[in-house]
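All remarks here apply to the structure that follows.
Nothing in this text is a laboratory measurement; each read-out follows from the coordinates by a stated rule. Note that this is a predicted model, so its numbers are computed, not measured. Glycine also receives a Cβ, built like all others from the backbone with ideal geometry; neighbour counts cover every protein chain displayed.
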Amino acid sequence: MDRRKNQIDLARAAGVSVSTVSRALSDAPGISGELRKQIQGLAIELGYEARGARAEPVRPATAYVTLDRATGGLAGFYDGIVEQLTAEARRASLKLDVRLVDERTFGLKRFVEDFDGARPPAVFLVGLDPSQELAERLIAANVATVLVNGADPETRFDSVAPANFYGAELAARLLLEAGHRSLLYVASNPRWTTTQRMRGFQAAVSEIKGASVDICRLSAPTREQAEIAVDQLVAKGRRWTAVFCMNDLYAVGVMRALEARRLRVPEDVSVLGFDDLPFAEMTTPRLSTVRVDRHEIGRQAVQLMIRRLNAPAASTLHIEIGVSPVAGGTIGAPRKPA
């Protein structure tokens, strides 16, 4: 459609002048933010959006988001990612359709049903690892695909994730520098991303003479599971002095389990989380953790998608987002034996 005709049609639909539409689409001054947002939103509905002074066609995209993580204890983590993903998609003229899916059943069948034989749009997989058959279909159909908070060890898809290996290596150093040598790593069922996190932690511990780490896998981040883990390790006679949890959700469960066993944090046991979820600052003491920039994950995911759409044959990229420590109050020096 002709740019001038687009603006005339949009002006009629919005009940404003063509010059007002032009200013709204080009982010020029002279109109209120509310009216600008209204016009730009209407532009998306009509099938085009502004980039500078010109109207751009809107390209469809679908974001599949893991249901259990996005609506459960990790909601704060995925809220930040999806919020930025949506905002960046809008700025990049991507009309994003966000769909929650059960990661246990999501696969080729659901994907085929969703598009009913039509060529799929660009696809973001948020917190989801594609099955082999789904991966093959995406590749065969030349669907631009970006893994968000995920990684593809076969380098078939662009992906963006936290710096899991180096982030966990940093976490281990925080505990080791505080003097801890007997460490516990609390994890869940592994994904590629969380496996890298564990490897980073183990790598740092292996460099310090006399330091060791036990691995404890929990089936769920519940208090009951955390109490079972604490009881088992105490029964083994291991006097571990610090616990690193693969995310803050597990860290809070461990803190509760320690409290139930009359073990104080950090006086008796230090606890360190990962992600810096919103509830981390609500614990007493404030949870020490490693912050992940969730908004930057969403931002970089859209940049990867635009690159892939513009250059389908380009080499795949895996982007790692840097992390940073949050001091909190749950790390202390190891308690000296009585």
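Could you tell me what percent of the DSSP beta bridges with both partners in the chain are antiparallel, to the nearest 5? Present the calculation step by step, with values, prior to reporting the outcome.
Details: 8 of 47 bridges.
If we restrict to bridges inside the chain, about 15 percent are antiparallel.
Give me Rg/Rg_expected for the stretch 61-185, where Rg uses Cα atoms only and Rg_expected = 2.2 N^0.38 Å with N residues. It would help to have the intermediate numbers written out before the result.
Working: Rg = 17.2 Å, N = 125, 2.2 N^0.38 = 13.8 Å.
Scaled against compact globular proteins, the figure is 1.25.
Please provide three numbers in whole Å: the alpha-carbon extents of the chain along the principal axes, with the largest listed first.
Result, largest extent first: 82, 46, 33 Å.
Using amide H atoms built 1.01 Å from N in the peptide plane, name the residues 5+ places from residue 151, or on other chains, whose amide H lies under 5 Å from its own.
Long-range HN contacts for residue 151: 193.
For the chain, take the longest principal axis of its alpha carbons; what is the angle in degrees between that and the long axis of helix 33-46, to the nearest 10 within 0 to 90?
70 degrees
Could you pull the Cα extents of the stretch 160-204 along its three principal axes, largest to smallest, in whole Å?
32, 20, 12
If I stretch the segment between residue 327 and residue 203 completely, what's the gain in nm (0.36 nm per residue apart, minus their alpha carbon distance), one decimal?
Values: separation 124, 0.36 × 124 = 44.64 nm, distance 2.22 nm.
Here the segment from residue 327 to residue 203 would lengthen by 42.4 nm.
Which whole number in µm²/s is D for the stretch 271-317 by Stokes-Einstein, with the Kirkwood Rh taken over Cα pairs at 25 °C and 0.890 mPa s? Walk me through the numbers before you get to the answer.
Details: Rh = 13.1 Å.
For the chosen part, D equals 188 µm²/s.
How tilted is helix 3-14 with respect to the longest principal axis of the chain? Cα atoms for both, answer in degrees (0 to 90, nearest 10).
With both axes taken from Cα atoms, the answer is about 80 degrees.
According to a simple spin-label model (label point 7 Å from Cα along Cα-to-Cβ), what is the distance in nm between residue 12 and residue 142?
With each label placed 7 Å out from Cα toward Cβ, I get 3.7 nm.
What residues of the stretch 61-77 lie in the reach of a label at residue 105, counting those whose backbone N is under 16 Å from a point 7 Å from the Cα along Cα→Cβ?
Under 16 Å, as judged by backbone N against the label point of residue 105, lie 65-69 of the stretch 61-77.
Grab every C-alpha pair in the stretch 188-295, bin the distances at 10 angstrom width from 0 up to the longest one, and report whole percents.
13, 47, 35, 5, 0
In degrees from 0 to 90, rounded to the nearest 10, what is the angle of the helix 223-235 Cα long axis to the longest principal axis of the chain?
Long axis of 223-235 versus the principal axis of the chain: about 30 degrees.
Would you please report the Å³ per residue occupied by the convex hull of the alpha carbon atoms in the stretch 120-228?
Numbers: hull volume 12.9 nm³, N = 109.
Dividing the Cα hull volume of the stretch 120-228 by its residues yields 119 Å³.
Just from the alpha-carbon atoms, what are the Rg and Dmax of the stretch 109-172 in angstroms?
In Å, with Rg to one decimal and Dmax whole: 14.1, 49.
Compare 38, 202, 84 in a GNM of the chain, Cα atoms joined below 10 Å, and give the one with the largest fluctuation.
38
Can you work out the FRET efficiency for the pair residue 314 and residue 131, with r the C-beta to C-beta distance and R0 = 30 Å, to the nearest 0.05? Walk me through the intermediate numbers first.
Working: r = 25 Å, r/R0 = 0.82.
About 0.75, to the nearest 0.05.
Looking only at 181, 199, 104, which one moves most when the chain is put into a Gaussian network model with springs between Cα atoms under 10 Å?
Checking each option, the largest mean-square fluctuation is seen for 104.
Calculate the spin-label point distance for residue 156 paired with residue 231, positioning each point 7 Å from the Cα along the beta-carbon direction, and give it in nanometres.
4.4 nm
Gain in length, residue 71 to residue 279, computed as 0.36 nm per residue apart minus the alpha-carbon separation, to one decimal in nm?
On the way: separation 208, 0.36 × 208 = 74.88 nm, distance 1.47 nm.
The span from residue 71 to residue 279 would gain 73.4 nm if fully extended.
Along Cα→Cβ, 7 Å out, is where each label goes; now give me the distance between the ones at residue 98 and residue 223 in nm to one decimal.
Computed distance between label sites residue 98 and residue 223 equals 3.1 nm.
Could you work out which residue, out of 279, 115, 165, moves most in a Gaussian network model of the chain, that is, has the largest mean-square fluctuation with Cα springs under 10 Å?
Greatest mean-square fluctuation among the candidates belongs to 115.
Residues with beta-carbon under 15 Å from that of residue 136, excluding residue 136: net charge, scoring Lys, Arg +1 and Asp, Glu -1?
Working: positive: 109, 137, 156; negative: 129, 133, 152, 154.
It works out to a net charge of -1.
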